[in-house]
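For reference, the structure is listed below as structure tokens.
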Ligand SMILES: [Zn+2]
Ligand SMILES: [Zn+2]
């Protein structure tokens, strides 16, 4: 049963992902405008895990909730000291899933991407992710 650890930059917040299998996590890139803003870079990179797999082991993140422009509330959790973005989830997924910011894992290589969303909004200089990756033209990133 793999357990992955992660934290914010200053380590005031630490967490564990307790997975039955690495395949229980689904990492995707998202090129939507919302993710560009939230992540402060040209795409968002999150791993979808079940809510029960996420365990906060230290600290308490600050929550920001806002309508993402489609009438759905998106919740984002941050460290209120160093500002690191830890995870997000939409209103519809609230009871089931957490989307972990992959860069907050102590070993981000543990969860390579399986697909991409909103590829039309991919930065012009950025290549597609090779391998098994698929491009989904879905709007429902948080479901
Ligand atoms: Zn921090
Ligand atoms: Zn997005």
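How big is the stretch 24-106 by the Kirkwood estimate over distinct Cα pairs, in Å?
13.1
With only Cα atoms counted, the chain has Rg and Dmax values of 14.4, 39 Å. Rounded, prolate or oblate, given the Cα gyration tensor of the stretch 1-69, with a/c below 1.5 counting as rounded? Note, shape of the stretch 1-69 comes out oblate.
Where a number appears in this text, it was derived from the coordinates with a stated rule and is not lab data. Please read these numbers as outputs of a predicted model, since none were measured by experiment.
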